[in-house]
Amino acid sequence: MNCKCSVLTALLASLALCSTSFAQSPGVLYTWDGANNIEDWKRNFGDPNVTLDNNIVGELTITESSGGLETSYSDGANRRLESSTASGGLDLTGLDFLEFDLGHNGTGDVDVQFYVQASTGFTFVTLAPDVTVSPGVSTYQLPLSNLNFEQQVYIRQIGFTPRDHSGTEGNLVWTLEEVRSAGTPLSVRDLATHDVGSSDGGLQGVFANFDVGAIAGNDGGQNQTGLSASGGSLNWTDLGEGPDPNNPVGPSGAAIAYGNGTVWNGNSFNERLTDLSNYNYVTYRVSATDPNSGGGTVGFQPYYQTGSGFTFQSAGFVDLPIDGAVHELTFPLAGVTDRTNVQFSGINLASHANDINISVDLVRYSIPEPSSVALFGLATVCIVMRRKV
């Protein structure tokens, strides 16, 4: 891309170290490292006469008592990770496998089905044909290739089903020591392109989050009214406050939010949570236009709401020129903690005098430092000299 760049200081909220990475960064999902805590695992269906416990640290123990009938076990629908109680879907975008350290105390092999329930419809997806599980604990690696994007970004349950072994083994004690995500993570993730044919008619789940009255046409709710997608861009008119800040004539400076990039379904739960722990930078490609050619700048802040408490964090702040040109704004993420548990991410605009038309045509996360970023802790404004293709 041909561009002419000027560096503007980003006011970071903090320069904390990156948080421990799980999920989209390959890592441990469950390890049962605390005694007497089964971390919301349960019998999902099948024989009710089983007992789950964590009496041995580092092991989920499942004890059968009805002779070895087919029974399924899974984590809770509102539990994504042992390390987090923030409820929603597990985001495994870009990863390749789930790994189970699983075994039993029998003398022979038992066929086991590994599965997930994913997407907003809790779609049951088997990860592979039945796998033979032998006595003793071994590692079983299951591919995620059967999952489409909507399923891989929003996994509600992970589970396994030992098939009926009543005629061969009888009652068994199963041991699950660890569940992990694995594979080579993405180096770049386009959270939103707003292209024709992308989810949600190009809106990709974006919605008005707060200061919603600043969006022309919004009905006052946290929803998509007033937002539109066309020509590969998200568009809205952000209302101005008028020339006298002490006597404003209307709201100004809306905040829009993204979830995981899938369809808005009347509320945001089906888009939460997004795992952005794998990335070091975020880039927004955006333009601001004053229909009356007023010019000037508008404050632009990328923000995050993380964890169960929706903690607000900023990745920086720049003054975006109101000149109709497409600018690339790149921010380092080192100061944003708990990126494993992102409820929402988005744009927060500062107040401004005149109405401005905002267009966003890319939200990109990356591991490597983008070539446009000159210094850590600085945001780069890049004027794009050609249209997006």
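The values are calculated or read from the model by the stated rules, or taken from the named source; none is laboratory data. Not measured: the values here are computed from a predicted model. As a convention, Cβ positions derive from the backbone with ideal geometry for all residues, glycine included, and neighbour counts pool all protein chains shown.
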Determine if the range 306-324 includes at least one residue that is under 23 Å from Gln222 (Cα atoms), crowded, with 20+ Cβ neighbours inside 10 Å and in contact with a Phe, Trp or Tyr (Cβ under 8 Å, 6 or more places away or on another chain).
-> yes
Out of the residues in the range 164-196 that are assigned to a loop (DSSP other than H, G, I, E, B) and of a type in the set (D, E, K, R), which is surrounded by the most Cβ atoms within 10 Å (Cβ to Cβ)?
-> Glu169
Residue under evaluation Ser119, criteria (1) at pLDDT 95 or above; (2) under 27 Å from Thr184 (Cβ atoms), criterion not met = (1)
Among the residues of the range 214-228, which ones are surrounded by fewer than 20 Cβ atoms within 10 Å (Cβ to Cβ), within 19 Å of Ile356 (Cβ to Cβ) and in contact (Cβ under 8 Å) with a residue 40 or more places away in the chain?
-> Ala216
Hey, can you tell me all the residues within the range 50-60 that are on the phi < 0 side of the Ramachandran plot, assigned to a loop (DSSP other than H, G, I, E, B) and either in contact (Cβ under 8 Å) with a residue 60 or more places away in the chain or surrounded by 14 or more Cβ atoms within 10 Å (Cβ to Cβ) (or both)?
-> Asn54, Glu59
Taking the range 22-49 and keeping only residues that are of a type outside the set (A, V, I, L, M, F, W, C), over 28 Å from Gly94 (Cβ atoms) and surrounded by 15 or more Cβ atoms within 10 Å (Cβ to Cβ), one is left with Lys42, Arg43, Gly46, Asp47
